[in-house]
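Novice: Supplied in structure tokens, the structure appears directly below.
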Amino acid sequence: MTTKFDELLGRFHAYLASVDDARVRDAVARIGWDMPARALEPHALGCLRHLDRAADLAPMAAQPLVQWLAQRRNELHWGQTYTEADFGKTFIDNYGWLELFGTRGHFANDEVAAGLLILGPEIVYPDHHHVAEEIYIPLTGGTEWRMGEEGFRKRKAGEVVHHASNVNHAMRTGNEPLLALYIWRGGPLAQKSTITGTAAQGRN
């Protein structure tokens, strides 16, 4: 079944294929890209207001993907793992993800999940961990990332960030939003992360 989201899947695949990183190449090669479509109702979130700025900031290689997202944002099924009770209203109003494929995405895949994460400016996504290995590729620069016992380190757009299974990691945005591509594999694909930090983490 061909859907209007096949073009999004194609742009997602094309961007990943342009990334010069051995771990990403391995992940892309292991994905069966002929995935059955899943019918999902559109679900918009407040964080989608940041997509216009993300489109301004995204590098040239990511523009076809990010422009499509910005133009068709309200047709997609965006989700949130957490609630206001977890991190507060400011976080929830500036956070959301789109699972493009996986166990609950627009395309069905029981082996790997992938999609896009949005965080608004001045947001801390506190220390958390999960069984699945995670590969992130920020499509906007300026966000600080940390893993394990390391300090926060600013990452550029297009820089590959790898989180091994069950290793604590966190992100905090500056005055620009984060749009990041993610791949989850090797663990429960819909697992809620174990939180070990707080939403005020690192804001001294």
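The values are calculated or read from the model by the stated rules, or taken from the named source; none is laboratory data. Predicted model only: the values in this text are computed from it and were never measured. Every residue, glycine as well, gets a Cβ built from its backbone with ideal geometry; the counts of neighbours run over all protein chains shown. Note: areas computed on protein heavy atoms with side chains; ligands, DNA, RNA excluded. Shrake-Rupley method; radii C 1.70, N 1.55, O 1.52, S 1.80 Å.
Novice: Of the conditions (1) modelled with pLDDT of 95 or more; (2) over 19 Å from Met171 (Cβ atoms), Thr90 fails just one. Which one is it?
Specialist: Failing condition for Thr90: (2).
Novice: Mind counting the residues in segment 43-80 that are open to solvent by less than 60 Å² (accessible area, probe 1.4 Å), within 27 Å of Glu122 (Cβ to Cβ) and of a type outside the set (A, V, I, L, M, F, W, C)?
Specialist: So the answer is 6.
Novice: On to the next question. Tell me, yes or no, whether segment 135-142 has at least one residue that is assigned to a helix (DSSP H, G or I), within 26 Å of Ala164 (Cα to Cα) and small (Gly, Ala, Ser).
Specialist: No: segment 135-142 contains no residue that is assigned to a helix (DSSP H, G or I), within 26 Å of Ala164 (Cα to Cα) and small (Gly, Ala, Ser).
Novice: Okay, next question. Could you grab me the full set of residues in segment 11-24 that are open to solvent by 50 Å² or more (accessible area, probe 1.4 Å) and within 26 Å of Ala70 (Cα to Cα)?
Specialist: If the condition is that a residue be open to solvent by 50 Å² or more (accessible area, probe 1.4 Å) and within 26 Å of Ala70 (Cα to Cα), then Arg11, His13, Ala14, Ala17, Ser18, Asp20 are the ones that fit.
Novice: While we're on this one: If I filter segment 93-111 for residues that are closer than 13 Å to Leu45 by Cα, modelled with pLDDT of 95 or more and surrounded by fewer than 17 Cβ atoms within 10 Å (Cβ to Cβ), do I get at least one hit?
Specialist: Yes, segment 93-111 contains a residue that is closer than 13 Å to Leu45 by Cα, modelled with pLDDT of 95 or more and surrounded by fewer than 17 Cβ atoms within 10 Å (Cβ to Cβ).
Novice: Would you be able to tell me the number of residues in segment 117-127 that are modelled with pLDDT under 95 and either touching an Asp or Glu at 6+ places or on another chain (Cβ under 8 Å) or under 25 Å from Leu16 (Cα atoms) (or both)?
Specialist: So the answer is 1.
Novice: Of all residues in segment 26-42 being acidic (Asp, Glu) and over 14 Å from Asp6 (Cβ atoms), which is least open to solvent (accessible area, probe 1.4 Å)?
Specialist: Among residues in segment 26-42 that are acidic (Asp, Glu) and over 14 Å from Asp6 (Cβ atoms), the one least open to solvent (accessible area, probe 1.4 Å) is Asp26.
Novice: Taking segment 63-75 on its own, how many of its residues are in contact (Cβ under 8 Å) with a residue 60 or more places away in the chain and more than 14 Å from the chain's Cα centre (by Cα)?
Specialist: So the answer is 3.
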